[in-house]
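Each remark here refers to the structure printed beneath this line.
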Amino acid sequence: MVLLDNDQFLTEMTKMYQRNREKGSVWTTMKSSLCLNRPKRNAPKLTKEEEKARRCCLVRCTDGKKKISTRVYSAKAEKFAAEFTLVQKASMDGLKGKEKKKKGEKKTTQKPSANAANAAAAAGGGGGGGGGNKKKGKKK
C-alpha cells in the first residue's frame, strides 16, 4: 500500500476511477487512527489532549489491483473532504440506473387463478379440481 500526500491521493483516485469507468469497481474506506508510524513497546501512554492532537483519518482506496492511502489531519480535513466529494461526484456518472416499469403496464405472465380452475371443473374439464371428496346425500 502506498501512503501519499492528500493532493497526490486525490489525483491517483481520479485516475483509478477513470481506469474502472467502463467495467470495474473502486472501494474507498475511512478509518480514525492515531497516525503513529510504529507503536513503541514501552512508550508512555498519551493523555487525552495529546491523543486528540495526534488523531487523524486514514483514507484508503483500491480497485483490486492497486492500493493507495493518505492521512488527513484535522487542520486539513474540511479542504480534503470538499475535494474528495467532488472527485466522487464526478465519477458517479458511470453508474447504471435501475429500469423503471410504467404503472399502466401489466405483467405478461400471469398465474392461473382459482376461479379459472373452478370454471374448468364446472364445465366438465376433469383434472383434480378437488370435487371428488365431497359426500352427497343426507344431512345429519
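Summary table below
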item: Strands (runs of 3 or more DSSP E) contained in the range 1-106 and holding at least 2 residues at pLDDT 85 or above, in contact with a Ser or Thr (Cβ under 6 Å, 6 or more places away or on another chain) and among the hydrophobic types (A, V, I, L, M, F, W, C); result: 2-4, 56-62
item: Contacts under 6 angstrom Cβ, first residue in the range 72-86 being farther than 18 Å from Glu12 by Cβ, partner surrounded by 14 or more Cβ atoms within 10 Å (Cβ to Cβ), 6 or more apart; result: Tyr73/Cys56
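Residues checked against (1) closer than 18 Å to Phe80 by Cα; (2) touching a strand residue (DSSP E or B) at 6+ places or on another chain (Cβ under 7 Å); (3) surrounded by 10 or more Cβ atoms within 10 Å (Cβ to Cβ):
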{"site": "Asn20", "(1), (2), (3)": "no, no, yes"}
{"site": "Lys23", "(1), (2), (3)": "no, no, no"}
{"site": "Thr28", "(1), (2), (3)": "yes, yes, yes"}
{"site": "Lys31", "(1), (2), (3)": "yes, yes, yes"}
{"site": "Lys45", "(1), (2), (3)": "no, no, no"}
{"site": "Glu49", "(1), (2), (3)": "no, no, no"}
{"site": "Arg54", "(1), (2), (3)": "yes, no, yes"}
{"site": "Val59", "(1), (2), (3)": "yes, yes, yes"}
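The values are calculated or read from the model by the stated rules, or taken from the named source; none is laboratory data. Since this is a predicted model, take the numbers as computed values, not measurements. Because the Cβ atoms are built from the backbone with ideal geometry, glycine has one as well, and the counts that use them run over all protein chains shown.
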